[in-house]
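Here the structure is laid out as structure tokens; the discussion comes afterwards.
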Amino acid sequence: AVDGSWDWIIDLINRATKDHRPAVDIDSDGFSEIEPLRGSAWRGRDCADSDHTVYPGRKETSHPASIDHNCNGIKGVSPSGRSFEDELCTGSGQRGTMVLGDSATAHFHIPGSWLTASELRPELFEHALFALENELDWPHMSAYTAYTNQSWGLTPGSVFSVYEQMRERNLCNHRDYHNIGINGASVVSVANNIDKGYLFRDGAVDHPALVFTRSSATTCA
């Protein structure tokens, strides 16, 4: 008989691969402190995973200025007495970068060296677990949400994505990205299932975002 002692692991895997939500998300705000399993490789890293009111893209807050409520690295009070967040970001056009789509959106790639017998050597698989935990996707190197060139030479990728350009124009946008790329899906099927929780954005308390599909871009609140 199965005693259910491994159910928690199965739940984590299903959350990431079937529900496309972060497997490790202690406060259930849709963001994680770890990279793989639909974590920060896919959406901005949570800077307080014990507080569901602190996450990338958050606009409204009841926290004091000493708390980085939207994880963009800006906190504290300026000499004028205003919070640095208000002084630097209010009226700056702050917004996130989001993309919906399929495996191309997620930057799916099986390293060719893994499939070439003459190139096989143990060190090629040193980071295989990371790749498998991300479903052989490399969203952190995609054209839309790339933020680092971390692939250990296993896959090519963009290092100046749409998100990076948004961040360069306005550092208040730091960490505010969201990649909803699903292998085998279509833009339409992903969009039709937004209500399942793939996309974490609340127009009442979060900043607006620039939302892309593979063929168009629109702004939503």
If each K or R counts +1 and each D or E counts -1, the residues other than residue 40 whose Cβ falls under 10 Å of its Cβ total +1
Only Lys, Arg (+1) and Asp, Glu (-1) charged, at Cβ; segment 111-202 dipole about Cα centre in debye | 220 debye
Give me the number: length gained by fully extending residue 128 to residue 191, i.e. 0.36 nm times residue separation minus the C-alpha to C-alpha distance, one decimal in nm.
-> 19.6 nm
For segment 80-201, which whole-number percentage of the solvent-accessible area (1.4 Å probe, protein heavy atoms only) is attributable to carbon and sulfur atoms?
-> 54 percent
With Cβ to Cβ distances under 12 Å as the rule, what net charge do the other residues near residue 23 carry (K, R +1; D, E -1)?
-> -3
May I ask you to give the solvent-accessible area per residue for the chain, in square angstrom, as obtained with a 1.4 angstrom probe?
-> 50 Å²
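Taking the Kirkwood radius as the inverse of the mean 1/r across Cα pairs, report the Rg/Rh of the chain.
Details: Rg = 18.4 Å, Rh = 18.3 Å.
Computed over Cα atoms, the ratio is 1.01.
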Angle between the chain longest axis and helix 7-17 axis [Cα atoms, degrees, rounded to 10] = 80 degrees
Please tell me the relative contact order of segment 53-104 in percent, rounded to the nearest whole number, where contacts are Cα pairs under 8 Å and at least six residues apart.
-> 24 percent
Structure-based [θ]222 nm, the chain - -39500 (n - 2.57) summed over DSSP H runs of at least 4, per residue, nearest 500 = -4500 deg cm²/dmol
Computed over the chain: relative contact order in percent, which uses C-alpha pairs under 8 Å that are six or more apart | 22 percent
For residue 5 and residue 115 in the same chain, what is the full-extension length gain: residue separation times 0.36 nm, less their Cα-Cα distance, in nm?
-> 36.1 nm
Putting +1 on Lys and Arg Cβ atoms and -1 on Asp and Glu Cβ atoms, find which of 54, 91, 36 reaches farthest to the positive end of the dipole of the chain.
-> 91
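The values are calculated or read from the model by the stated rules, or taken from the named source; none is laboratory data. Since the structure is predicted, the reported quantities are computational estimates derived from the model, not experimental observations. When we count neighbours, we look across all protein chains shown, and the Cβ atoms used for this are built from the backbone with ideal geometry, even at glycine. Ligands, DNA and RNA are stripped out before the accessible areas are found, and what is left, the full protein with its side chains, is counted by its heavy atoms. Shrake-Rupley method; radii C 1.70, N 1.55, O 1.52, S 1.80 Å.
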